[in-house]
Structures are given as structure tokens and as C-alpha cells.
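The values are calculated or read from the model by the stated rules, or taken from the named source; none is laboratory data. It should be emphasised that the depicted structure is a prediction, and the values quoted were computed from it without experimental measurement. We place every Cβ from the backbone using ideal geometry, glycine too, and count neighbours over all the protein chains shown. Note: accessible area is taken over every heavy atom of the protein model, side chains too, but ligands, DNA and RNA are not part of it. Shrake-Rupley method; radii C 1.70, N 1.55, O 1.52, S 1.80 Å.
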Amino acid sequence: MLARKTEVSNYNPVWTFTTYIFVVIFWSIRYKIGYDYNGYVFGFKLIRHDAHNMLEPAYYAINWIFKDSAIGYIGVFAVMSIICYYFLFKLFIRERILTYGLFFSLAFQLQFMAANQIRQCFVLIVFLNIVHLLEEKKIWTFVKWSLCLMLFHISAIFLLLAIPFSKVRFSRLFWCILLLGTYVVYLAGFFRLIGNKLMSLLPLYERYQNTSRMEAEQTGFSIVMLFWIIVALYLLLYKRTIDRPVLFNIYFCGMIFYCAFFEYHLITRVMVYFTYLNVLLAGILCKRNQRDGLALIVISFIAYLLLCLKIPNLHGIQPYQTLFQEKIERV
């Protein structure tokens, strides 16, 4: 405990808090940013007018608090930004990777996801905070946290997959062959033959049944997917340096399913819980080996720029605009 307190105290509290406030304000004052933005506004409108809705209890409660407030749904977005980045900063400070963590959360577009899929990304960020419980073999504590997170997003039930994933142990060579083999088979379109069957077995929202989201999008080659595979292989190369085998097991199991079923939107939205462990693993690598970590930083920065040019509106965050630039929609 004393060692952990000493590690955390390495950060200047004033600068840390100032950075936190800046990031929170930046994302709190966004306006019509994210593909799901209008959906969240519509959900708030239903609550304000006491109409039927399908929101999870905890997120519903936050909306209800602002139901009769003058700031309305803006307050909901602000609260979600505050608690999301509280847990994200808490994670980075605990692991002593604050600077690296903030960089990779941008380069890997975790912060963009937080501006778009706010409920699920909150669950994701809390998961990154509690996954160490599996390293410490506190399985039931992890289960209780996962079940509580279902109050924010029902997909949190799939966090329990991390338990069997954490027990899968392969050599670096086998993981490499398995990942690249899965990617090649994906490009050949083989997984479409079993994807529809798998979708029919998943406990999905009723509104998704009999919709196009139940079918493969037939994306084929994806520069985003290729970048994530390159990152995974780079991290695999330095697996011993990072020395977090449980996290690696969960991460690579997630990557295998991500590659296999990339064309199924609903499956990839579940797998991102595990694939975004790359933010944590990359930060740890940079902390333990700055030279090799620097190469990953350069690769990630270049890839980030290329992605912004190739897919400029990924997650619907561009162009960035604030509450002060537009007339606010009243609901």
C-alpha cells in the first residue's frame, strides 16, 4: 500500500487536476458530436415527457436528475464526461502511465468513442479499472462489479467473458499464428458462414432483431483493423517486457474474436471491451522500456494521422463544435 501511494504521488496534483479539468471541459461542451448524439437527446426527451424508454436504470437516473433542469441533456453529457474521465485518470495514475495513457487513448480513439457511445464507453473504462481483480484472482469481486455495470449498459454482462479469457495461455508464436491466420481467414470471407448463426444465439436488444445489424456488413479489408493488428503484434513482441500475462490473455482472445467477426457490428461492440486493453498495455510498455515504447508512439501517431485523413469522421467527432458555436436545441 505504501509503495502504491509513493508511485501515485509522483504526479504533481495541481497539473494532474488541471489536465483532468481541461479534458472534461473539452468533451463536456461538445455539441452534436458523435453518431449517437441525437439518439441520446431523443432518449432524454422521452424521459422529460415521461414516455416509455429502454434505458438502463443508472443512466436513466442521471437523465431523470436533469429532467426539469434548464441545462437538460447538456448536464447528462457533462456528468458522463466527469465520471468517465475520473475513472480513466484513476487508471492511468494507478499504473503510473498518465502521459502515455492520455496519448494512446487519443491515438487509439478511445476518447472519440467516449464522445460517441457514452454509456458503453463508461462501462469499458470502468472495466479497464477493475480487470486487475482478475490478476489478483478476486473473481467474485470482478463479477459483482460487472453485474453492477449492467445498470449503465446491458452489454456489460459480456465482461464475464474476461474470466475464461484470462485462463487461455499460449506462447507468443502461437498467438501470432492464430491472429494472422484469423485475419487471413476473415479476408477470405469464411466467418460469414458462421457469423449469422452466432448472432442468433446472442442475447441482443429486441430492437436489433430482424434488422441489418444482424447480418455481416461485408467490409473486407479495413485500415482500422490492420492498424489494430499491427499494434497487437508489436505488443506481443514485448510481452515479456510488459509482464502482464492475464491482461495479454484477455486482450488477444478479444482480438481473435474482433478479427473473426469484424463485419458484425454488434459483436465488435462487445469485443472492444477487451481490445481496448491495448491502451493499458501500450502505456505499460512505454513506462518499462521507453526506447521500444517510442517506436510504438511514432507508429501510432502516424497511423492516427492516416486514419484521420482516410476516415476523417470516425465516431462522428468531426468537425468539433461547442455549445457556444450553435443554437442549442431545446427539448
Please report the relative contact order for the chain, taking Cα pairs under 8 Å with a sequence separation of at least 6, and give it as a percent rounded to a whole number.
24 percent
Long-range alpha-carbon pairs in the chain, meaning those over 31 Å apart, account in percent for 33 percent
Kindly sort T241, T99 by accessible area of their heavy atoms, largest first, with the probe set to 1.4 Å.
T99, T241
Can you tell me how region 87-135 classifies by the Cα gyration tensor, rounded, prolate or oblate, using a/c under 1.5 as the rounded cut?
oblate
Area of K287 that stays accessible when all protein chains are in place (1.4 Å probe, Å², to 10)
60 Å²
Let me have the relative contact order for region 1-148, percent, based on Cα pairs under 8 Å that are six or more residues apart.
26 percent
So, with a 1.4 angstrom probe, what is the percent of accessible area on the chain that is carbon and sulfur?
67 percent
Name the longest site-free stretch of the chain, where the excluded sites are GluC sites (Glu not before Pro) in a DSSP loop with no more than 13 other beta-carbon atoms within 10 Å.
1-135
Roughly how many Å² is the accessible area per residue of the chain, as a whole number, for a 1.4 Å probe?
49 Å²
The chain, Gaussian network, Cα under 10 Å: of I74, I21, I250, the residue fluctuating most is I21
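At 20 angstrom or more along the helix axis (alpha-carbon based) and mean Kyte-Doolittle of -0.5 or higher, what helices does the chain contain? Whole DSSP H runs only.
Numbers: long enough: 13-28 (22 Å, 1.40); 73-94 (32 Å, 1.72); 172-187 (23 Å, 1.76); 223-237 (21 Å, 3.01); 245-260 (22 Å, 1.62); 290-310 (29 Å, 1.50).
Span-like helices, by this rule, are 13-28, 73-94, 172-187, 223-237, 245-260, 290-310.
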Residue-averaged 222 nm ellipticity for the chain, from DSSP H runs of 4+ at -39500 (n - 2.57), nearest 500
-20500 deg cm²/dmol
Among L277, P57, Y11, which residue has its Cα positioned farthest towards the positive end of the charge dipole of the chain, with +1 placed on the Cβ of Lys and Arg, -1 on the Cβ of Asp and Glu, and the dipole taken about the Cα centre?
Y11
Once exposed loop chymotrypsin sites (Phe, Trp or Tyr not before Pro) are cut out (DSSP; at most 15 other Cβ, 10 Å), longest piece of the chain
36-169
